[in-house]
1. Taking 0.36 nm per residue of sequence separation and subtracting the Cα-Cα distance, how much length would be gained by fully extending the chain between HIS361 and GLU124, in nm to one decimal?
2. Output needed: Cys residues of the chain lacking any neighbouring Cys C-beta below 4.7 Å, sorted by number.
3. Farthest toward the dipole's positive end in the stretch 236-316, which of GLY277, LEU306, VAL242, given Cβ charges of +1 (Lys, Arg) and -1 (Asp, Glu) about the Cα centre?
4. Pairs of alpha-carbon atoms within less than 8 angstrom and 6+ residues apart define the contacts here; what relative contact order does the chain have, in percent?
5. What order do you get for 218-231, 144-157, 357-370 when each peptide is scored by the mean count of other beta carbon atoms within 10 Å, highest first?
6. Need the C-alpha centroid separation for the stretch 305-346 versus the stretch 216-230, integer Å.
7. Using the per-residue mean of other Cβ atoms lying within 10 Å as a proxy for protection, in what order, highest first, do the peptides 277-283, 238-244 fall?
8. Can you list the lysines whose alpha carbon is less than 22 Å from that of LYS121, not counting same-chain residues fewer than 8 positions off?
Amino acid sequence: MTETATPGARIADVCLIGGGLVGMAIALGLQRNGFHVAVLDEGDVALRASRGNFGLVWVQGKGDTLPEYADITRLSARLWSTFAASLQDSTGVDIQLQQRGGLYLCLTEQELDARARMLGKMHEAAGGDYPYETLDLKQVREKIPEVGDTVAGATWCPEDGHVNPLLLLRAMTERFKAQGGIIDNTGRVETIDPRPEGFRIRARAGGDWDCARVVLCAGLGNRELAPQVGLSAPLSPNRGQVLVGERVRPFLDYPTGHVRQTGEGTVQIGDSKEDVGFDSGTTTEVMAKIAHRAIRLFPLLRDVKLVRAWGALRVMTPDGYPIYQASTTYPGAYLVTCHSGVTLAAFHEGPLADWIASDRHDPSLEVFHAERFTL
Ligand SMILES: Cc1cc2nc3c(=O)[nH]c(=O)nc-3n(C[C@H](O)[C@H](O)[C@H](O)COP(=O)(O)OP(=O)(O)OC[C@H]3O[C@@H](n4cnc5c(N)ncnc54)[C@H](O)[C@@H]3O)c2cc1C
């Protein structure tokens with residue numbers, strides 16, 4: 001523990017701002033490395049992608065224009081089963097991970113051709129080590145008999161999977177607290193003061209914290225925080241609307257890009273991509289479009305009642321890839337943000353947290369620095 005505290009401030013080795021999926025995964029990895037970690041979170045008023053997402057652990061197509069992103073996505077997918085098992089061992093929470101493969105269903109030949117071409121290029125870029133198949137309707141039916149007649153085909157990747165994202169967040173949070181981690185959600189962090197021996201963190205309503213290192217994992221909140229420690233987070237919100245249908249008999253053994261059946265038997269349907277600022281609401285028009293596509297993919301959904309719907313905001317960089325960066329102006333400050341916080345949770349808990357713990361420059365992460373947006 002650092003001894004830099006000034007009177008009244010609480011002390012931690014690391015203050016991590018943001019207790020969503022990204023923050024909690026990094027927090028666990030830092031605990032594994034022996035750090036005393038405090039997570040400072042805004043609380044229930046916050047915009048939280050972690051509570052509104054689709055739950056895919058998705059590989060196919062991720063990193064089509066950046067091979068390094070494809071690499072970390074696949075690495076995370078490989079680390080996932082051990083990560084899920086260790087969460088279950090320590091908390092008893094089964095986060096319902098399944099990694100038996102996934103399908104991206106296409107309604108037109110053009111859509112299918114475009115996806116097949118994209119995955120073909122990724123396969124080539126990976127020197128042939130990129131598993132995928134293009135399936136026609138008959139082959140899709142061998143995996144999912146209930147698929148509709150108007151489906152042209154699908155792309156299949158055996159490395160895809162899904163998880164219950166709410167149970168994931170709960171399991172990570174429970175484990176973090178059981179291991180002595182502190183969650184302080186007394187208010188929005190407004191100021192990070194770099195000091196000679198670390199940082200003084202100030203929240204609007206809570207008390208102050210002193211720490212040797214600070215890790216920014218505040219989702220869209222990173223935009224305001226990053227410049228205070230010499231970093232930049234050009235993030236914008238992108239809304240996705242998601243529908244949930246009542247429980248039905250098991251009909252979907254694999255997640256698809258638009259529809260998945262949860263461990264409880266409900267059907268999760270989504271999602272849209274909308275540029276509407278910080279409005280996290282829903283609209284009848286978009287929900288109808290999502291439902292219409294889902295019924296074309298799986299006609300049995302026509303008779304399924306919707307039980308819930310929501311909108312949530314993705315945390316997007318201009319190119320959609322993560323920012324992983326250490327501050328050179330204020331050593332000890334880090335920024336971690338991405339738009340696939342479910343998929344990358346195992347990578348964040350593992351290699352990425354190890355990198356922060358080591359405090360060493362890692363040239364392989366330079367491709368994820370924010371300077372790529374200004375050069
Ligand atoms: C509709 C939708 C579908 C998605 N589907 C998938 C999917 O299938 N698979 C996948 O991998 N990813 C998916 N995602 C993305 C995934 O949900 C996000 O990548 C992930 O949740 C981001 O987590 P985060 O912790 O960075 O951000 P958030 O969940 O937004 O958490 C940020 C936290 O920071 C806190 N905070 C912010 N500012 C401050 C501040 N100043 N002081 C203190 N606390 C602060 C907030 O309270 C919040 O708890 C989806 C997202 C959406 C919206």
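The values are calculated or read from the model by the stated rules, or taken from the named source; none is laboratory data. Just so it is clear, the structure is predicted and the values come from calculations on it, not from any experiment. Here the Cβ is made from the backbone with ideal geometry for all residues, glycine too, and neighbour counts use every protein chain on show. Surface accessibility is based on the protein's heavy atoms, side chains included, excluding ligands, DNA and RNA. Shrake-Rupley method; radii C 1.70, N 1.55, O 1.52, S 1.80 Å.
1. Values: separation 237, 0.36 × 237 = 85.32 nm, distance 3.01 nm.
Going from the current span to full extension adds 82.3 nm.
2. CYS106, CYS157, CYS217, CYS338
3. It is LEU306, whose Cα lies furthest towards the positive end.
4. Details: 815 pairs, mean separation 92.6, N = 375.
Here the relative contact order equals 25 percent.
5. Numbers: 218-231: 21.1, 144-157: 18.6, 357-370: 14.1.
Ranking the peptides 218-231, 144-157, 357-370 by packing returns 218-231, 144-157, 357-370.
6. Cα centroid to Cα centroid, the span is 11 Å.
7. Numbers: 277-283: 13.3, 238-244: 21.0.
Result, highest mean Cβ count within 10 Å first: 238-244, 277-283.
8. Output for LYS121: LYS62.
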